1. Please give the peptides 99-109, 350-360 ranked by average Cβ packing (other Cβ atoms within 10 Å per residue), highest first, as a rough proxy for protection.
2. Rounded to the nearest whole Å², what accessible area per residue is found for segment 217-354 with the 1.4 Å probe?
3. So what's segment 327-382 giving for Cα Rg divided by 2.2 N^0.38 Å, two decimals?
4. Of LYS12/LYS335; LYS60/LYS114; LYS15/LYS377; LYS56/LYS88; LYS56/LYS114; LYS15/LYS254, which ones are farther than 26 Å apart at the Cα?
5. When only alpha-carbon atoms count, how far does segment 46-109 stretch along each of its three principal axes, as whole angstroms with the largest first?
6. State the volume of the convex hull built on the alpha-carbon positions of segment 282-382, expressed per residue in Å³ and rounded to an integer.
7. Kirkwood hydrodynamic radius, segment 295-347, all distinct C-alpha pairs: what's the number in Å?
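The values are calculated or read from the model by the stated rules, or taken from the named source; none is laboratory data. If you're wondering where the values come from, they're calculated on a predicted model, not measured in any experiment. Cβ sites come from the backbone with ideal geometry, for glycine too, and all protein chains shown count toward neighbours. For accessibility, only protein heavy atoms count, side chains too; no ligands or nucleic acids. Shrake-Rupley method; radii C 1.70, N 1.55, O 1.52, S 1.80 Å.
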Amino acid sequence: MTVYKGYMKIVKQNKVLILIYLVIFFSVTMLFQGAAGKELPDNYHAESLKIGIVDKSGGKLSQGLKSYLEHFHQVTMLDDNTAALQEKLFYRDVEYIIHIPSDFFDNCILEGQKLPVTKIPGSYTSFYVDQQINSFLNNVRTYQAAGFSEEEAANAAKTPASADITLLDNTGTAGITPAFVYYYRYIPYLFLAILCYVMGNIVSAFRKGDLPKRMCASSVSAHRQNMESLLAAATIAFALWGITIVVSLLLYHKTLIGHPGFIYYILNSLTMLLVALSISYLVGIVTANQDMLSGIVNTISLGMCFLCGVFVPLEYMNVNVKTVAHFLPVYWYEKTNDMLAQFGSITGEVRTEILQAIGIQCVFALAFLCIAMAISKRKQTI
């Protein structure tokens, strides 16, 4: 087991690097998972502003407008003093001031004039209040046209209309993205970075200087050397994969195991491991030195992860970028991951698409392996 021991010795020399990447992976995963949790729909709420009202009318309509706005904002009655109003705006005691004229009903309802207001320059929230005021006035005009009196129209319009909303669960997920989705989203970066660095170092180390010639002259057959190399690579890869899966089970246990797509998450991650392993073997063959290895690994791992939806979800990607990403294996991993997150039941066409994406990853792994073997054979004949 000389070759196998040689592989393991180089792995021990890179154990600090492996630990660093594992720490980065788990830290980034928890960070993004926490940030995503704060953006759930349940946490959205209407913006509430500080609004001042200068009421010169004192009628039922102005009282109706005040009651209507109080459903959304903090409303304060103010005196008609220009200097005092400017001071309140300057110190942000109020963000929006409504000037209700004495002939409010005649001007704004019968004649359709705009209600005078004072806003903080450049404030986008003022458009929000403009819309609400226009909605109130339009409702009052509708009631007035229908024969309502000023008081009746004001009473009818002062309470915002409400509606019961029922969300349809077409995908079976109830609109909730499981926390482990974010964990599995970043696995490609971990696999590519660690395996390309470690396996790249190992393969390039075994091809330096006179070592290949000494191995050819060794009493250990080439077949045995290859078997030991494959066994060492499998040990490294499956140890890494095992760590990630075990940690995911510890973090999400029942939630993950009880998910209908649990087996597909495992299968998808295993396929991604094979892709990363084949790429790492190819990187090791074409790498001449440590500096070159670092540049290649960073380009491959970060490039694929940025283009294929690891760091930026695919739904936010430009169409042209996604077209290019189709030619990279990580895209198909992330597509599978997104489909598993989107659907609560993996059947029919969904299962077919998932298996197709996993199959495409296997084709990529085989293609990279064939390219690596062709380059290796070419180098041996030179």
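1. Listed from highest to lowest mean packing, they are 99-109, 350-360.
2. 48 Å²
3. Dividing the Cα radius of gyration by 2.2 N^0.38 Å gives 1.59.
4. Where the Cα-Cα span goes over 26 Å, the pairs concerned are LYS12/LYS335; LYS15/LYS377; LYS15/LYS254.
5. So the three principal-axis extents are 34, 31, 14 Å.
6. Enclosed volume per residue, from the Cα hull, is 110 Å³.
7. Taking every pair of different Cα atoms in segment 295-347, averaging 1/r and inverting gives 11.6 Å.
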